[in-house]
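Undergrad: Dropping a structure here in structure tokens format, bear with me for questions.
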Amino acid sequence: MLYSDKVLEHFANPHNVGEIADADGVGEVGNAKCGDIMKMYLKIQNGVITDAKFKTFGCGAAIATSSMATDMIKGATIEDALKLSNQAVVEALDGLPASKIHCSVLAEQAVKSALSDYYRRQGVDPTPIVGNVEECEACHGL
Ligand code: FES
């Protein structure tokens, strides 16, 4: 089987899909090559992510990793959310095929993009905290 049960489960019934109207941070990342776009909405109170939702026009692996990533950052501090690597999300999903690992990067970058927006709204330069948010450049149309 190419995909784990957890990936298939999150793809069939993704968690946290939608928008947050009064979000404190909104991020969008995408890749022109594969056409996948991800938008992430975060609600943040006292440095803690109280809610996270996403919308994606993307592949199944991107949906499953975003579903898992949003589950993992809900209730986490900003510091911990920034430490969430795509590798940790992939492990929580019991793995992804090698050719789809790059899709999990899209979820990680979407979280970072939304946190950058959060800092910008506070008048804080996010680059020293969040780093440069890169787009998923590994897709190559897969
Ligand atoms: Fe899945 Fe690019 S993010 S194909």
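Undergrad: Quickly estimate the mean residue ellipticity at 222 nm for the chain, helices only: each DSSP H run with n ≥ 4 gives -39500 (n - 2.57), and the total goes over all residues, rounded to 500.
TA: Computed ellipticity for the chain at 222 nm equals -12500 deg cm²/dmol.
Undergrad: For the charge dipole of the chain, defined by +1 on Lys and Arg C-beta atoms and -1 on Asp and Glu C-beta atoms about the Cα centroid, which residue among Ala12, Ala88, Phe57 has the Cα displaced farthest towards the positive pole?
TA: Going by the charge dipole, the pick is Phe57.
Undergrad: Restricting things to Cα coordinates, could you compute the convex hull volume per residue of the chain in Å³?
TA: Details: hull volume 13.5 nm³, N = 142.
Taking only Cα atoms, the chain has a hull volume of 95 Å³ per residue.
Undergrad: Another question about this same structure. How many Å² of accessible area per residue for region 46-142, probe 1.4 Å?
TA: I get 45 Å² per residue for region 46-142.
Undergrad: Which order do the peptides 105-115, 53-63, 123-133, 74-84 take when ranked by the mean count of other beta-carbon atoms within 10 Å per residue, highest first?
TA: Top to bottom by mean Cβ count within 10 Å: 105-115, 53-63, 74-84, 123-133.
Undergrad: Pulled fully out, how much extra length does the chain show between Ala88 and Ala21, if you take 0.36 nm times their separation in residues and subtract their Cα-Cα distance?
TA: 21.3 nm
Undergrad: Per residue and in cubic angstrom, what volume does the convex hull of the Cα atoms of region 39-105 have?
TA: Residue-normalised Cα hull volume stands at 70 Å³.
Undergrad: Counting only protein heavy atoms, what percent of the accessible surface of the chain is carbon or sulfur at a 1.4 Å probe?
TA: Accessible surface attributable to carbon and sulfur in the chain totals 51 percent.
Undergrad: Of all DSSP beta bridges in the chain, what percent run antiparallel (nearest 5)?
TA: 95
The values are calculated or read from the model by the stated rules, or taken from the named source; none is laboratory data. As the structure is a prediction and not an experimental result, all values here were calculated from the model. Reconstructed Cβ throughout: ideal geometry from the backbone, glycine too, with neighbour counts over all protein chains shown. These area figures cover heavy atoms from the full protein model, side chains too; ligands, DNA and RNA do not enter into them. Shrake-Rupley method; radii C 1.70, N 1.55, O 1.52, S 1.80 Å.
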